[in-house]
Amino acid sequence: MITLNNVSKIFCSGFDRARAYGFRDMLRGKRGTVPRRLEFFALKDVSLRVGHGGSFVVFGVQGSGKTTLARLVCGMFQPDRGQVTVSGRVQSPPNGKLGLNPFMTLAEYVDLLAAILGVPVANQKDYRHALLKDCDVEGYADARMADFPRASLRPLLMSASLLADGDVFVFDNAYVAGSGEFRVRCLARVAEIVKTRTVLILTEIPKLPPFPVDHAMILHEGRALYYGAPDRILPIFQSLADDLKQERDRALKESTVATFAIDSARGDGADTIPPRTSQPPSAASQSDLTPSTDTVVALMEHLADTTETAGAAMSPLLPAIEVRRISASNKPLLLGPWLGTAHWELMYWRPYVAWMLKQLNLADRRVIAVSRAGADLWYTGLADTYVDLLDLYSREEFEGIDAERIRRTGKRKQRSLSDMERDVLDNTARHLGLDEFDVLHPATMFRMCGEVWRGGLPPEFVSQYSHYTRIETEHPVDLDLPAHYVAVRFTSDPASGVRPETQGYVNELVQALAANGPVVALYTGYSIEGPAEELTLDACDGLISLRDRVGPRESARLETRVLAGADLCVCTMSSAVPLALCCGVETTGLYIAQHGFVDVHWAVADVIASQLESGLAAVDLRQVPALQLADRVRRRGTPLRSRRATARRQEMNRGGRGAGIR
Amino acid sequence: MRYRQTYFGYLWALVRVLAPGIPLVMVGSQFGMGGERPVSSYAVFALSGLVLWQIFWDSVTMPQWITRRLRRLLSEARFSYQAILVAATSYVLFNGSLYLLLIVGTMLISRTPLPSTAVLGLLAIPGIVLSGLAIGMLFVPFTFVYLDFRYGLPMVSPVLLWTAPIFYESPDSGFLHVLNTWNPLTYLVAIPRSWLTEGFVGNDIGFVLSLIVFGLIFVPAHRFYNRAIPIGVERVAHA
């Protein structure tokens, strides 16, 4: 697996200055994390993730930072900021001569390659034989490398790399070499590697590789411009490459004209040369060397105009663009409308809104949250006003609007501002008496998260654009609940791996928990969990139901207050997880790691738990019997509202590793 | 591979010691630098001292030399930087074994009997190599950015060589006596030399103490080496 999390790499453009910085850094024992004079970002805040057996293609023109990225993955460079994690042995076909000495024989050189590429000593003889045969140079085994045909060196190095075993393969600029049969064989071998190994391809060729690739990214001047499916990303890169080529041709033409003008002036007897208009490198400032966000955003806007897929593609610069857009006006800001599941709202949308509001500094502007089913407590401290759509529409009308939106867009997730949502926002504005307003719509957040959910970016990427805050609410003394209780909620959802067949397990678990103390089921009768189905619980002593205590308009509010008063929460991956963590309640989450299971939500939940110092233990319920889990929860289930919660979760995680606790 | 590029091959390894050693033996014996020793015995004394010094000095300079040769490879392929140290050690030990043949030859010619402590002398050689590496590791990373240490170290070599009693008997008093007494190289080279050619000398514990001194340098030097080499490699790769 390869994970780059917000990685930056700084280089220096001046040779002498680079040596001085290198000398200083060696003595200090650490690298600079901020560019110094003449330094620039060769890579800036780049993230990507290639899962086990996955493949990723990075498109980028010359000088975009591809080789730097490849060297970071290969471990030849260390990041100046961020984190690079690679699991397994990395193989990367070398571009240079890789230790070649003309006095070596070919056989010796192959043995050296085997040692460099990590071939076990016991296999080196077989490796040498296979490599010489593959490259059809067995007859040269005892020949000096000085006599070895130069044209055969590149295929030899490519084959050496492909034949050496590796878990991760990095192809920088070329995944094939040689010609004729060798080339075909090489391509077939790479296609086989792509099927079974983790592969990262970096290329400047605006063409898709001749084998399937899972994810793609465009790298430009050290920044990740776009992420997405390769077939959607390729047209954007083609457009970018064409633009840059035209620009280069134009610049070349202009410089030729300028040179001609100087030569003409000299020819006329003039002894003065026109003054320089550009600064010499030594006078260039850091901002001249690293493209500003404005420059990159202008390029993206241009690409959005010229390429169909660019407008809807995911870019890590989208939040910056959104900040610029909202900062440019002084109108009241509507957050939403949120129509999706409460799970995503709490785990992704609310933290994104909090992060965005921190960037914006909207002290003198009105901020209005637009959601549904009594989610007002979730926006306390973020928005000045909360508008509940169930105040503006009946339940049936609201559900009809959402169903129609999904039908028209074909997507449950709000990836763009639809006409239906525009109407909802206009209606909200009328309700509030607003003539004009700005909108912070969930589309950007969904586009950002989408690539994380698809596995092309690490879960930590979401945290860069999230600010996690607690939900503050009073203890629910007016709800006629016991002083201490465990809150439970179970839903079946392919993403958490929990299926309706799990019903028996959760009933057994709840009954065992209820036998030792009160248990409150967080079912109000109105589900805001989207397509996830609630797993119904059999009535038993000690199980308290909230069903029909309030109407749909108050359901989220009731759930929040009940959960905030609980000692513990036991649930599947649903809104209950982020809600419990935001309320500081120690949480035991259940999942089944099987096909379709999305681990990302748990990874993000873990970040929320650690940042808010709430406790979280995730349990694969196939590994732990219900009674054993109930016993474990009961034994560790003292009220925990302190910093000890995280330590307790870590302890649970450690203790339960063998028993399926993550 | 290094000697394959020459006509005389491995002979060059011996020449490295013999070239400075023979004139020193000739001149040193004339000036009585070996004390009461006869010429043949002084030759064994001086050449064995020079060989052990050369092993130490090769250990200081060899990691730097190998790094310099591998700088391009280091920027093209990822392998453990400890490989440089292993390669340097192997190289030094290979050369050292050739040098030892020289000592044996000289002892045979001068009919010097092999003392029972000769085994101890052989066992001391890895300690001398590690001591040299401790110093050498400190300079390796800097060769990526500045060559001052590469050019400067050979100039320091003769100065250091004469601060230890390698070609001469340490005097009983005076500045040189103080210099020899406080110089850890004195114990690192002179004591194993005695073990190899003469036997115990009385202050044999001095060798262990000097090893401890170099061992104390080795640990932080190795940490610095591990930390600084990647920075140097990146500078080369980007240049």
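Laboratory data are not the source of any read-out in this text; all were calculated from the coordinates shown. What you see is a predicted model, and the numbers here were worked out from it, not measured in a lab. We place every Cβ from the backbone using ideal geometry, glycine too, and count neighbours over all the protein chains shown.
Rounded, prolate or oblate for the stretch A:357-452? Axes are the square roots of the Cα gyration tensor eigenvalues, ordered a ≥ b ≥ c, and the cut-off for rounded is a/c under 1.5.
Oblate is the answer for the stretch A:357-452, as a/c is 1.5 or above yet b/c matches or exceeds a/b.
Using a Förster radius of 35 Å, what is the FRET efficiency between A:R422 and A:T295 based on their Cβ-Cβ separation? Nearest 0.05, please.
Numbers: r = 32 Å, r/R0 = 0.91.
Step by step, r from the Cβ atoms, then E = 0.65.
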Notebook entry, point to check: With contacts defined as alpha carbon pairs under 8 Å and 6 or more residues apart, what's the relative contact order of chain A in percent?
Noted result: 11 percent
Item checked: Loop-located trypsin sites (Lys or Arg not before Pro) in the stretch A:12-42 whose Cβ has at most 11 other Cβ within 10 Å (DSSP) -> A:K30
Margin query: Can you give me the convex hull volume of the Cα atoms of the stretch B:158-239, divided per residue and expressed in Å³?
Written below: 140 Å³
Item checked: Considering only chain A, percent of DSSP beta bridges that pair antiparallel, nearest 5 -> 35 percent
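For the stretch A:1-124, what does the relative contact order come out to in percent, with C-alpha contacts under 8 Å and a separation of six or more?
Computed over the stretch A:1-124, the figure is 34 percent.
Could you give the dipole magnitude of the stretch A:317-457 about its Cα centre, charging the beta-carbon of Lys and Arg +1 and that of Asp and Glu -1, in debye to the nearest 20?
680 debye
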Notebook entry, point to check: How far is it, in nm, from the label point at A:A320 to the one at A:T380 when both lie 7 Å from their Cα along the line to the Cβ?
Noted result: 3.7 nm
Check: From the square roots a ≥ b ≥ c of the eigenvalues of the alpha-carbon gyration tensor of the stretch B:121-196, which class results: rounded (a/c under 1.5), prolate (a/b over b/c), or oblate?
Finding: oblate
Next item on the list: Report the charge-dipole magnitude of chain B in Debye, nearest 20, computed about the Cα centre from +1 at each Lys and Arg Cβ and -1 at each Asp and Glu Cβ.
Entry: 960 debye
Check: A:L219's amide H: which non-local residues (gap 5+, or another chain) put their own amide H closer than 5 Å, with H modeled 1.01 Å from N in plane and none for Pro or chain starts?
Finding: A:F59, A:G60, A:L225
Margin query: Let's see if you can work this out: charge +1 on each Lys and Arg Cβ, -1 on each Asp and Glu Cβ, no other charges. What is the dipole magnitude of chain A about its Cα centre, in debye to the nearest 20?
Written below: 1960 debye
Margin query: Please arrange A:D111, A:D480 by how many other C-beta atoms lie within 10 Å of their C-beta, fewest to most.
Written below: A:D480, A:D111
Checklist line | B:L114 paired with B:L147, simple spin-label distance in nm, labels 7 Å along Cα-to-beta-carbon | finding: 4.4 nm
Notebook entry, point to check: On a 0 to 90 degree scale, rounded to 10, what angle separates helix B:118-139 from the longest Cα axis of chain B?
Noted result: 40 degrees
Next item on the list: Determine ³J(HN,Hα), in whole Hz, for all residues of the stretch A:368-385 in sequence, where each value follows from phi through the Karplus function 6.51 cos²θ - 1.76 cosθ + 1.60 and θ = phi - 60°; x replaces Gly and Pro.
Entry: 10, 8, 10, 9, 8, 6, x, 8, 4, 5, 6, 10, 4, x, 9, 10, 6, 10
Check: Tell me, how many Å apart are the Cα centres for the stretch A:24-80 and for the stretch B:62-76?
Finding: 22 Å
Check: Given a Förster radius of 35 Å and the C-beta distance between A:Q238 and A:N123 as r, what FRET efficiency does 1/(1 + (r/R0)^6) yield to the nearest 0.05?
Finding: 0.25
Item checked: the stretch A:121-166 shape via C-alpha gyration tensor axes, a/c threshold 1.5 -> oblate
Check: For B:Y10 and B:E36, what does the FRET efficiency come to when R0 = 60 Å and r is the distance between their Cβ atoms, rounded to the nearest 0.05?
Finding: 0.95
Notebook entry, point to check: Per-residue mean of other chain beta-carbon atoms within 10 angstrom of the beta-carbon, peptide A:112-121?
Noted result: 2
Margin query: Under 14 Å from a point placed 7 Å out from the Cα of A:H52 along the Cα-to-Cβ direction: which residues of the stretch A:598-629 have their backbone N that close?
Written below: A:599
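Which of A:K44/A:K331; A:K9/A:K195; A:K9/A:K411; A:K97/A:K195; A:K207/A:K245 have a Cα-Cα distance over 27 Å?
Details: A:K44/A:K331 33 Å; A:K9/A:K195 31 Å; A:K9/A:K411 38 Å; A:K97/A:K195 29 Å; A:K207/A:K245 16 Å.
Long pairs (Cα-Cα over 27 Å): A:K44/A:K331; A:K9/A:K195; A:K9/A:K411; A:K97/A:K195.
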Checklist line | Cleavage-rule hits, GluC sites (Glu not before Pro), the stretch A:447-486, DSSP coil, Cβ neighbours within 10 Å at most 14 | finding: A:E472, A:E474
Next item on the list: Set Lys and Arg Cβ to +1 and Asp and Glu Cβ to -1, take the dipole of the stretch A:317-457 about its Cα centre, and tell me which of A:L317, A:F398, A:V370 lies farthest positive.
Entry: A:L317
Margin query: Using a 7 Å offset from Cα along Cα-Cβ at B:Y3, what residues in the stretch B:90-108 end up with backbone N under 18 Å from the label point?
Written below: B:90-106
Item checked: Dipole-positive endmost among B:L122, A:L479, B:L85 within the protein assembly as shown (Cβ charges, Cα centre) -> B:L122
Notebook entry, point to check: Which cross-chain or sequence-distant (5 or more) residues have an amide H under 5 Å from the amide H of A:L590, H modelled 1.01 Å from N in plane?
Noted result: A:C571, A:T572, A:M573, A:V619
Check: Separation between the A:R470 and A:R430 pseudo-spin-labels, each 7 Å from Cα along Cα→Cβ, expressed in nm?
Finding: 4.2 nm
Notebook entry, point to check: What residue among A:Y21, A:G65, A:A521 has its Cα farthest toward the positive end of the dipole of chain A, where the charges are +1 on Lys, Arg and -1 on Asp, Glu, each on the Cβ?
Noted result: A:Y21
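How big is the Kirkwood radius of chain A, worked out from every pair of different alpha carbons and given in Å to one decimal?
For chain A, the Kirkwood estimate is 28.5 Å.
How much length, in nm to one decimal, is gained on full extension between A:R635 and A:Q611, taken as 0.36 nm per residue of separation minus their Cα-Cα distance? The partial results should precede the final answer.
Working: separation 24, 0.36 × 24 = 8.64 nm, distance 2.52 nm.
That works out to 6.1 nm of additional length.
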